Each structure stands twice: as C-alpha cells, then as structure tokens.
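Peer 1: I have a structure here, written as structure tokens, and I will follow up with some questions on it.
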Amino acid sequence: MDQAIIIEKGIFIVAIFAITMLFAMYETLAERKIAAWLQDRIGPNRAGPGGILQPLADGLKLFSKEEFFPATQNRFLFICGPAISMITALMTSAVIPWGSSLNIMGRDVVLQATDINIGILYVFGVLSIGVYGIMIGGWASNNKFSLMGAMRAASQMISYEVAMGLSIIALTMMTQSLSLSDIAAGQHGWRWNVLYQPVGFLIFLVCSFAETNRTPFDLAECEAELIGGYHTEYSSMKMGFYLFAEYASMFISSTVLAVLYFGAYNYPGMDWVKDNAGANIASILGIGVLFIKICFFIFFYMWIRWTVPRFRYDQLMKLGWKMLIPLAIANIVVTGILILFFDNNLHL
Amino acid sequence: MSIQNISLSGKKIEVSNKKMTFLESLYLVAIAKGLVITIKHLFTRKVTIKYPEETRELSPVYRGQHMLMRDDEGRERCTACGLCALSCPAEAITMKAEERKPEEKHLYREEKYASIYEINMLRCIFCGLCEEACPKQAIYLTKSRVMVKSNTDREEFIYGKEKLVMPLDMAIRNTQMQTAN
C-alpha cells in the first residue's frame with residue numbers, strides 16, 4: 001500500500017511538473033500571439049503550422065547563445081539567482097488541488113501532490129522566497145542597473161505581499177480553513193468565493209500582477225530606465241530560466257487565483273454529472289474546467305499587459321500602501337461584521 | 001492670454017491638471033474601458049501581408065526593371081542618342097555609340113547604335129525619366145516583379161546590354177501576336 005502511494009505520487013508530481021513546463025513554454029508563444037492579435041498583427045507563424053514550434057526554436061536559440069559571466073566576485077550566487085527563481089516558481093504547485101479524487105482500479109487517487117493544512121501559508125512562504133531569486137541575481141551581477149532593477153522588484157513584491165496576505169485573511173475568515181483542498185471543496189457548484197469576496201478578489205488579482213512582475217508592475221525590467229533590469233547581465237539559458245520562471249509563476253498564480261476565488265475544479269451542474277455519468281467523469285471534467293479557468297487568467301494577464309501602461313514607481317508604492325492595504329483592512333472588517341450578522345452561516 | 005497659451009497651429013490644447021476624483025484614482029473604470037478597446041482589436045482584420053505566400057498588389061504606375069526594346073523585325077531600337085543618360089537624375093546610364101555596318105542592318109534599326117549600354121542599378125531610382133526622354137521608344141521600365149538581385153560585388157550591379165536588351169524569343173512572340181491580331 002505504501003509503495004503504491006509512492007508510485008502514485010511520483011507519477012502525479014512528474015505529470016504536474018511536465019504540465020507546468022508545457023504551459024510555461026506555450027505561454028511564451030501565446031504571449032507573442034496575443035500581443036500580435038491585439039495590435040492587429042499575425043504574430044510568429046513560420047516555425048511549424050501556425051508557429052506551434054516557436055517555443056522550441058526560442059529555447060534552441062537561447063541554448064546556443066554565449067554563456068557570459070560578468071566580472072563578479074561571486075559566481076555561485078550569480079548562478080543561484082535564476083535557479084531560485086525557477087525552483088520557487090515550480091514549488092507552489094505542490095499544494096494545488098487539481099481536481100477532486102479519481103477512482104482508478106479501486107483506489108481513491110487524490111489529485112493533489114500534498115494536502116497540507118496550511119496550504120495558503122505555504123504558497124505565501126514560497127512566493128516570498130521568490131524575491132531572493134531576483135535580489136541575489138541582481139546583486140551578484142555587479143551592475144548598477146541590475147541592482148536597481150532587483151531593488152525595485154524586491155520592494156514591490158514585499159509591499160504587495162502585505163495587501164495580498166490581508167485579502168486572504170478575509171477569505172480564510174469565511175472558509176474557516178487554510179487548506180487549499182478545503183477551500184476548493186467549499187466552493188461546490190456555483191458557490192465560488194469571488195461572489196462572496198469581490199473586493200478581496202480584486203486586491204488579490206492586482207497583487208498577483210505585482211508578485212509575478214507583470215505589466216503594469218514590471219518596473220523591475222523597465223527597459224527605458226534600467227536596460228533589462230535584474231537580468232541585464234544574464235545570457236544564454238540562465239536568462240532563459242529567468243524568463244521561463246516568470247511564465248511558470250504566471251501559470252501558478254493563475255492557478256492559485258482560480259483555486260482560491262474562481263471555484264477551482266467546481267462547475268455548475270457537477271452534481272448532475274456525478275449522478276448521471278459517474279464520479280470519475282465528473283472529476284475529469286472538473287480538471288478540464290480548472291484548466292479552462294487557468295487559461296482564462298493567463299489570457300487576462302496578457303490582455304492587461306497590452307492594455308495598461310507601466311506604473312511610475314511612486315504611483316506603484318502609493319497604490320500598494322495607500323490604497324490596497326486600507327482597502328484590504330476595510331474588507332476584513334466588513335467581512336467580519338457580515339459573518340457576525342449572518343451568524344456564521346454565510347458560507348457553511 | 002500669456003505667451004505659453006498662444007497656439008499658432010490651433011492644435012495646442014491646454015493641459016488640465018485637475019484633481020482626480022476618488023473613482024478615477026482607482027483606475028478601475030479606465031482600465032475596464034481600455035480592456036474593451038484592446039479586446040475589440042483581437043477580432044479586427046489583420047493588416048499583415050504574409051510575404052512569400054501573398055504579395056502586395058502593385059500600384060498601376062509601378063515601375064520595375066528596365067528593358068531595351070526591339071522593333072517588330074527584332075532589331076534594337078536604341079540609337080545611342082544619349083538623351084536617357086542626360087535626363088537621368090541619378091546619372092546611372094552610360095553608353096557608347098557605334099556606327100552600324102551594312103551587314104548589321106538586320107540587328108539595329110538606325111545607322112547608329114549603342115555598342116555599350118550600362119545602367120548602374122545601385123544608382124538607378126526607377127523614376128522613369130529615361131523612358132520619357134527616349135525619342136525612339138527604346139527604353140521602357142517594365143512591370144516585372146523581379147527585383148535586382150542582392151550581391152556583395154558592386155560590379156555585379158552594373159547591368160549591361162546582355163541583361164537589358166529584350167530577349168529575341170520575346171520579340172518574336174510579340175510580332176507573332178501583332179500579326180495574328
């Protein structure tokens with residue numbers, strides 16, 4: 001029995017890793033395609049039918065680039081930077097519930113790598129380590145622009161983590177649990193958290209844009225001011241790792257958004273499907289629904305990128321500290337009052 | 001009216017620095033409006049021309065590479081008067097005249113012909129003034145889509161008579177078509 005669970009989890013972890021990588025790969029193509037479409041262009045369409053092989057060509061190009069090291073004192077940290085970024089981008093997926101359990105050959109297979117009861121805190125912990133990837137990389141580059149980019153990224157991520165955490169507090173007050181699988185299961189059918197926590201969702205959304213360093217908060221790599229930001233000195237696949245980590249964390253943060261607020265694998269009419277077509281079909285359909293939601297959020301990230309211009313640094317700080325944090329605190333207070341008012345029956 | 005506000009072109013608009021209202025300072029309404037604009041562009045017709053497969057439609061006044069014409073008996077029309085070279089604003093045309101010998105009567109229409117006729121394709125601007133200047137209707141700018149081939153050697157861009165004169169079989173075909181009509 002124990003051996004079986006190791007094999008089961010092993011296969012699951014490899015599958016999740018592969019899916020994350022695949023998503024990150026094709027996000028690079030999707031980004032270019034969507035950018036093109038939003039600008040009335042066609043986008044890359046030469047490598048393979050419709051440009052489907054473009055990510056491979058990009059990867060190959062990065063691999064064949066010169067491996068450059070700046071005159072830095074600490075090569076180890078220089079290599080550490082992209083590695084930490086990549087690791088933290090991938091680690092979060094461990095606690096994501098990808099679906100309700102599947103019944104395969106008489107065994108209940110839980111579609112979650114590990115169900116720890118402080119799942120949200122784990123996600124936040126890993127997210128805050130992500131700052132180190134950028135900070136160490138920028139510092140070890142021994143370059144003013146890299147350091148300035150890294151400083152901006154670090155201060156931005158730390159500021160927005162506060163508001164993000166506060167928006168989650170309101171959510172956990174409702175769900176009474178920090179475990180992601182409980183939160184996912186609690187949003188059965190149509191009872192998605194976004195309907196009960198619209199303000200919290202908005203704050204979380206804005207903060208996840210800041211956490212993933214995406215436009216309009218991509219000050220870290222503000223080309224006009226900082227050349228390339230923290231990855232100015234990086235080349236070849238180390239550069240590729242930074243870019244790849246950004247796309248991987250975009251996938252993960254879309255997943256977290258979908259799980260926390262958009263009902264994870266739940267969809268209206270899931271009970272009907274379960275009664276008529278069996279639990280496995282309902283569960284597989286749920287996985288599909290989750291991935292549709294994830295794809296929507298990824299598209300939303302790109303949509304925003306080609307709509308909203310970059311914030312100025314002081315605007316960014318003002319938005320984070322003077323608007324989002326008070327709003328998040330107000331959200332907590334209002335949520336608390338409402339829970340008290342409805343006698344703890346708001347969501348149970 | 002102060003000097004800063006005078007607009008000679010009539011296009012200068014005074015910048016208003018009015019304070020944003022609370023709703024505006026949230027940016028949410030503006031962002032939502034922007035998102036609607038960008039999503040509309042997702043469904044508009046794309047302007048890109050996929051070049052090797054599709055080509056841009058030529059303008060009716062398109063001017064391609066030059067050709068030195070032959071008359072209906074296949075003789076070269078050019079008499080090396082030099083008017084094309086004179087009219088050429090880019091000074092791309094050079095020629096050397098020679099007198100026609102009696103046994104060359106079937107080759108050249110006039111008593112004088114161009115033994116050397118060269119156009120430097122690096123200088124030519126395809127303005128078509130040579131075509132306008134020619135009294136013998138000898139030089140034309142064709143509608144050919146064939147571009148001047150790129151090269152690393154400058155000498156290769158000087159096109160001589162072997163590249164410019166109309167091929168004989170084309171002249172024969174033209175004459176056949178004319179007689180058929």
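The values are calculated or read from the model by the stated rules, or taken from the named source; none is laboratory data. Note that the structure is a prediction, hence the values are computed from the model and not measured. A quick note on method: Cβ atoms are made from the backbone with ideal geometry, for glycine too, and the neighbour counts reach across all protein chains shown. Please note that ligands, DNA and RNA were not included when accessible areas were found on the heavy atoms of the full protein model with its side chains. Shrake-Rupley method; radii C 1.70, N 1.55, O 1.52, S 1.80 Å.
Peer 1: If B:I37 meets every condition in (1) within 12 Å of chain A (Cβ to nearest Cβ); (2) open to solvent by less than 90 Å² (accessible area, probe 1.4 Å) apart from one, which number is that one?
Peer 2: Result: B:I37 passes all but (2).
Peer 1: A:L195 fails exactly one of the following numbered conditions: (1) under 30 Å from A:W272 (Cβ atoms); (2) touching a residue at least 12 places away in the same chain (Cβ under 8 Å). What is the number of that condition?
Peer 2: (2)
Peer 1: Which one is farthest from A:G165 (Cα to Cα), of the residues in segment A:182-207 that are more than 13 Å from chain B (Cβ to nearest Cβ) and crowded, with 23+ Cβ neighbours inside 10 Å? Spell out the reasoning first.
Peer 2: Narrowing segment A:182-207 to residues more than 13 Å from chain B (Cβ to nearest Cβ): A:182-197, A:200, A:204, A:207.
Checking which are crowded, with 23+ Cβ neighbours inside 10 Å leaves us with A:183-184, A:187, A:193, A:197, A:200, A:204, A:207.
Numbers: A:I183: 16, A:A184: 18, A:Q187: 20, A:N193: 16, A:Q197: 14, A:G200: 10, A:F204: 8, A:C207: 9 Å.
That would be A:Q187.
Peer 1: Then there's this: Does B:T94 meet the test of being assigned to a strand (DSSP E or B), among the β-branched types (V, I, T) and farther than 28 Å from B:R173 by Cα?
Peer 2: Yes; evaluated as a whole, the condition is true for this residue.
Peer 1: Now a separate question. Condition test on A:I292, is it part of a helix (DSSP H, G or I), free of Cβ contacts under 8 Å to residues at least 60 places away in the same chain, open to solvent by 10 Å² or more (accessible area, probe 1.4 Å) and in contact with a Lys or Arg (Cβ under 9 Å, 6 or more places away or on another chain)?
Peer 2: no
Peer 1: Identify, by number, the condition in (1) surrounded by fewer than 22 Cβ atoms within 10 Å (Cβ to Cβ); (2) touching a residue at least 60 places away in the same chain (Cβ under 8 Å); (3) over 18 Å from the mean Cα position of the chain (by Cα) that A:Y230 doesn't meet.
Peer 2: If we test A:Y230 against (1) surrounded by fewer than 22 Cβ atoms within 10 Å (Cβ to Cβ); (2) touching a residue at least 60 places away in the same chain (Cβ under 8 Å); (3) over 18 Å from the mean Cα position of the chain (by Cα), just (1) comes out false.
Peer 1: Got a sec? Which of A:G48, A:G106 is more than 30 Å from A:A264 (Cα to Cα), without any contact (Cβ under 8 Å) to a residue 24 or more places away in the chain and out of contact with any Asp or Glu (no Cβ under 8 Å at 6 or more places or on another chain)?
Peer 2: Sole residue among the options that is more than 30 Å from A:A264 (Cα to Cα), without any contact (Cβ under 8 Å) to a residue 24 or more places away in the chain and out of contact with any Asp or Glu (no Cβ under 8 Å at 6 or more places or on another chain): A:G48.
Peer 1: Additional query: Please determine, by comparing only the residues of segment B:1-34 that are within 14 Å of chain A (Cβ to nearest Cβ) and open to solvent by 90 Å² or more (accessible area, probe 1.4 Å), which one is nearest to the chain's Cα centre (by Cα).
Peer 2: B:K33
Peer 1: Sticking with this structure for a sec: Give the number of residues within segment B:40-69 that are open to solvent by 50 Å² or more (accessible area, probe 1.4 Å) and in contact with a strand residue (DSSP E or B) (Cβ under 9 Å, 6 or more places away or on another chain).
Peer 2: Counting residues in segment B:40-69 that are open to solvent by 50 Å² or more (accessible area, probe 1.4 Å) and in contact with a strand residue (DSSP E or B) (Cβ under 9 Å, 6 or more places away or on another chain) gives 1.
Peer 1: Let me ask something else about it. Return the residue satisfying two criteria in turn: it lies in segment B:70-87 and is under 13 Å from B:E132 (Cα atoms) and in contact with a helix residue (DSSP H, G or I) (Cβ under 6 Å, 6 or more places away or on another chain), and of such residues it is most open to solvent (accessible area, probe 1.4 Å).
Peer 2: So, considering only residues that are under 13 Å from B:E132 (Cα atoms) and in contact with a helix residue (DSSP H, G or I) (Cβ under 6 Å, 6 or more places away or on another chain), the one most open to solvent (accessible area, probe 1.4 Å) is B:L83.
Peer 1: Please work out which one of (1) more than 16 Å from B:L68 (Cβ to Cβ); (2) in contact (Cβ under 8 Å) with a residue 40 or more places away in the chain is the condition B:K149 fails and give its number.
Peer 2: (2)
Peer 1: Among the residues of segment A:16-40, which ones are of a type in the set (S, T, Y) and either within 14 Å of chain B (Cβ to nearest Cβ) or open to solvent by 60 Å² or more (accessible area, probe 1.4 Å) (or both)? If you could, list the steps in order and put the result at the bottom.
Peer 2: Going through segment A:16-40, the residues of a type in the set (S, T, Y) turn out to be A:20, A:26, A:28.
Within segment A:16-40, A:Y26 is the sole residue that qualifies.
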